Amino acid sequence: MRYIGKQEIEDIAVGAALLGTGGGGDPYIGKLMALQAIEEKGPIQLLSVEEVPDGALVVPSAMMGAPTVMIEKVPSGKEAIGAFESLQAYLGKNVFATMPIEAGGVNSLLPFALAAELGLPVIDADGMGRAFPELQMVTFFLEGISATPMVLADEKGNSSLLQTVNNVWAERIARSATVEMGGSVMLSIYPMEGKQVKQSAIHQILQLEERIGRTIREAKQFDYDPIAEILSITNGFQLFQGKVIDIDRKTESGFARGMATIEGTDNYQDQQLYLKFQNEHLLAETKDNVLCMTPDLIAVLDSDTGLPITTEGLRYGSRCVVIGLPCDRKWRTEKGIETTGPRYFGYDLDYTPVEKLMCMEEE
């Protein structure tokens with residue numbers, strides 16, 4: 001057990017934005033919500049998975065919707081509290097702790113803001129080890145845990161309790177409700193016991209986010225290349241380097257969808273990289289080769305600072321380095337690939353791990 005203060009939140013925000021593969025909501029918004037909560041309520045208790053009693057009730061908290069919407073529709077935090085308290089009342093049992101559902105700008109930090117307001121601890125684990133665009137795309141689903149009962153709440157005071165036949169239906173109904181509620185909502189979802197968290201979650205993800213953020217922050221102070229250090233920490237690969245020359249992005253059906261075209265510089269001169277995304281980056285390819293694909297992680301970093309750039313933050317002229325990171329082993333199972341692999345998103349590709357693609361590229 002340890003306590004999380006302002007500097008830890010700053011570092012986690014950066015690391016979460018990187019592991020969020022471009023999605024998970026604006027990290028700046030999530031950071032401000034968490035920092036304000038700490039300012040008002042004090043540091044937040046962070047528990048390891050092993051410290052959670054097997055029978056304790058755990059309820060993850062998250063935002064759902066298109067990240068582009070949140071830029072103009074900033075949450076107050078009351079939505080998350082409303083969703084959480086409504087689900088707790090429905091379950092008729094006190095919640096022991098909350099946790100992130102994914103690694104992402106808002107979704108890694110929202111649980112801290114909520115926990116501070118309600119006096120709860122946060123568990124150092126999540127359900128993705130990255131960010132994905134749909135509710136069933138969590139390791140909890142791979143272990144047969146139900147997303148419902150769940151509660152959605154918006155800034156207007158509307159809330160909805162869902163009880164669905166399976167997690168795919170939870171995604172479909174909740175997505176439709178999200179669109180009607182303004183494009184983004186706050187969720188309390190996947191209620192489970194401590195023993196289920198231990199079995200199904202990805203452990204120590206917040207520690208990893210904090211380490212990544214601290215590495216980037218200290219790079220200038222200690223005069224090292226932050227991107228090289230990040231690749232070492234994550235066992236990742238540099239996929240490309242260049243300048244954004246085109247960005248096609250639109251918000252539809254509750255998602256931010258599109259493609260960014262990056263013109264190569266330095267060792268990638270005379271090449272172009274195409275980044276395809278649905279809230280998160282899903283596929284990185286050149287004209288001749290696929291370099292990385294979901295469920296492996298694709299992140300875009302500022303060439304100079306190493307700071308991550310989200311899908312909504314990509315701009316014409318941005319100079320960046322694109323990296324690929326191996327996903328958690330849970331996603332490389334048959335069910336994991338079926339749930340989050342390239343074919344699920346409509347790409348006519350069989351999943352190939354990023355490390356194998358990089359070996360093929362070198363050959």
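The values are calculated or read from the model by the stated rules, or taken from the named source; none is laboratory data. Remember, it's a predicted structure, so these values are computed and weren't measured experimentally. All Cβ positions, even for glycine, are placed from backbone atoms using ideal geometry, and neighbour counts span all protein chains on display. With ligands, DNA and RNA removed, areas are computed over all heavy atoms of the protein, side chains included. Shrake-Rupley method; radii C 1.70, N 1.55, O 1.52, S 1.80 Å.
Quick look at the values:
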| read-out | value |
| --- | --- |
| Between 0 and 90°, nearest 10: helix 6-19 axis offset from the chain longest Cα axis | 60 degrees |
| For segment 86-92, 3J(HN,Hα) per residue [Karplus equation, 6.51 cos²θ - 1.76 cosθ + 1.60, θ = phi - 60°, Hz, x = Gly/Pro] | 5, 5, 4, 5, 5, 6, x |
| Rounded to 10°, Cα long-axis angle of helix 105-118 versus longest principal axis of the chain | 20 degrees |
| Segment 132-223 shape via C-alpha gyration tensor axes, a/c threshold 1.5 | oblate |
| Using θ = phi - 60° and Karplus 6.51 cos²θ - 1.76 cosθ + 1.60, couplings along segment 150-155 (whole Hz; Gly, Pro as x) | 9, 10, 9, 9, 10, 6 |
| Diffusion constant of the chain at 37 °C, which comes from Stokes-Einstein with the Kirkwood Cα-pair radius and 0.692 mPa s, µm²/s | 163 µm²/s |
| Percent accessible area from carbon and sulfur atoms, segment 227-362, protein chains only, probe 1.4 Å | 42 percent |
| Hits among aspartates and glutamates - C-alpha to C-alpha of Lys195 under 18 Å, sequence gap 8 or more where chains match | Glu50, Glu51, Asp54, Asp124, Asp126, Glu143 |
| Whether segment 167-285 is rounded, prolate or oblate, judged on the alpha carbon gyration tensor where a/c under 1.5 counts as rounded | oblate |
| Extension gain (nm, one decimal) between Gln272 and Thr352, 0.36 nm per residue minus Cα-Cα | 26.7 nm |
| Cα centroid separation, segment 216-283 to segment 335-363 (Å) | 18 Å |
| Inter-label distance, nm, simple model (7 Å from Cα along the C-beta direction), Asp288/Met360 | 1.4 nm |
| All lysines inside 29 Å of Lys243 as judged from Cα atoms, apart from same-chain residues fewer than 8 positions distant | Lys31, Lys220, Lys276, Lys287, Lys356 |
| In Hz, Karplus ³J(HN,Hα) per residue of segment 188-202 (6.51, -1.76, 1.60; θ = phi - 60°; x = Gly, Pro) | 10, 8, 6, x, 8, 8, x, 5, 6, 4, 4, 7, 9, 7, 8 |
| Stretchable slack from Glu40 to Lys220, in nm (0.36 nm times residue separation minus alpha-carbon distance) | 61.7 nm |
| Surrounding net charge for Ile205, when Lys and Arg each add one and Asp and Glu each subtract one, Cβ distance under 13 Å | -3 |
| Cα-based shape type of segment 2-203, given that a ≥ b ≥ c are square roots of the gyration tensor eigenvalues and the cut on a/c is 1.5 | rounded |
| Local electrostatic count at Gly306 - Lys and Arg +1, Asp and Glu -1, tallied over other residues with Cβ under 10 Å | -2 |
